[in-house]
Amino acid sequence: MAPSLLSTNCDEGSLEWRLYRNMLVTRLLEEALVRWEHEGKISAQTFPSKGQEAIAIGCCAALEKGDTVIPSFRTRGAMIGMGVSIAEQLREFIHSPLAAGDSRDAPHHSSWPDRGVMPGSTMIGGHLAMAAGLALAMQFDKQDAVSVAFFGDGTLAPGIFMKP
């Protein structure tokens, strides 16, 4: 159940509130991006996660400093959950010179390593091997950290995830 904005018992610092807020921010950002794409205001293709926001937001809420995520096409919420602001994400979509990737890459490949958001892969499922490599490096360095890769059902076909 969503926290009531009218409730006097609503603690804006609570986990429930942060989860709800981040899911709502993700939904509103993605709805705006889709609208702007259809209006021709942005050229980058958007991949909304409508109805799936809780996956990325909930997962990122459980992560700690030093953990990493590699978002996929429909996990813009992972960037929100890892503390990447709307303004930072919009810079990627308008190809601003201030963008994290110097405006040379697709927005879903953007990365903010200082916040644990690593770049993705254009190849469906290619980022799974990257996440495994990050996890192996963490293990070699004896870090108490995890690497998370988000992926959809299309990734389950033969390829990186499963070999025939």
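The values are calculated or read from the model by the stated rules, or taken from the named source; none is laboratory data. Computed from a predicted model, the values in this text were never measured in an experiment. When we count neighbours, we look across all protein chains shown, and the Cβ atoms used for this are built from the backbone with ideal geometry, even at glycine.
Give the residue that is nearest to SER110 (Cα to Cα), with candidates limited to residues of the stretch 50-59 that are surrounded by 14 or more Cβ atoms within 10 Å (Cβ to Cβ) and out of contact with any Asp or Glu (no Cβ under 9 Å at 6 or more places or on another chain).
Pass one, the stretch 50-59, residues surrounded by 14 or more Cβ atoms within 10 Å (Cβ to Cβ): 52-59.
Right, trim to out of contact with any Asp or Glu (no Cβ under 9 Å at 6 or more places or on another chain) and you get 52, 54-59.
Values: GLN52: 20, ALA54: 21, ILE55: 19, ALA56: 16, ILE57: 18, GLY58: 21, CYS59: 19 Å.
Applying the filter and picking the extreme gives ALA56.
Among what's in the stretch 27-49 and is under 15 Å from the mean Cα position of the chain (by Cα) and among the aliphatic types (A, V, I, L, M), pick the residue that is surrounded by the fewest Cβ atoms within 10 Å (Cβ to Cβ). Spell out how you get there, then give the answer.
Applying the first criterion (under 15 Å from the mean Cα position of the chain (by Cα)) to the stretch 27-49 yields 27-30, 33, 46-49.
Those still in the list that are among the aliphatic types (A, V, I, L, M) too: 28-29, 33.
Numbers: LEU28: 11, LEU29: 20, LEU33: 22.
Per the stated criteria, the residue is LEU28.
So GLY83 ticks every box in (1) in a helix (DSSP H, G or I); (2) modelled with pLDDT of 80 or more; (3) not hydrophobic (A, V, I, L, M, F, W, C) but one. Which box is left unticked?
The failed condition is (1).
List every residue pair whose Cβ atoms sit under 6 Å apart, with the two residues 6 or more apart in sequence or on different chains, where the first one lies in the stretch 121-150 and is at pLDDT below 95 and the second, anywhere, is surrounded by fewer than 13 Cβ atoms within 10 Å (Cβ to Cβ).
What qualifies is ILE124/GLY154.
Let's see how each residue does on (1) assigned to a helix (DSSP H, G or I); (2) surrounded by 11 or more Cβ atoms within 10 Å (Cβ to Cβ); (3) in contact with a Gly (Cβ under 7 Å, 6 or more places away or on another chain); (4) of a type in the set (Gly, Ala, Ser):
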| position | (1), (2), (3), (4) |
| --- | --- |
| ASP114 | yes, no, no, no |
| ILE124 | no, yes, yes, no |
| HIS127 | yes, yes, yes, no |
| GLY133 | yes, yes, no, yes |
| ALA137 | yes, yes, no, yes |
| GLN143 | no, yes, yes, no |
| VAL148 | no, yes, no, no |
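Could you pull out the residue among ALA44, ALA56, ALA32, ALA61 that is out of contact with any strand residue (DSSP E or B) (no Cβ under 7 Å at 6 or more places or on another chain), hydrophobic (A, V, I, L, M, F, W, C) and modelled with pLDDT under 90? Spell out the reasoning first.
Details: ALA56 fails: modelled with pLDDT under 90; ALA32 fails: modelled with pLDDT under 90; ALA61 fails: modelled with pLDDT under 90.
None of the other options fit; the residue is ALA44.
Take GLY66 and tell me if it is surrounded by fewer than 18 Cβ atoms within 10 Å (Cβ to Cβ), part of a loop (DSSP other than H, G, I, E, B) and at pLDDT 85 or above. Spell out how you get there, then give the answer.
Details: surrounded by fewer than 18 Cβ atoms within 10 Å (Cβ to Cβ): yes; part of a loop (DSSP other than H, G, I, E, B): yes; at pLDDT 85 or above: yes.
Yes: the conditions hold for GLY66.
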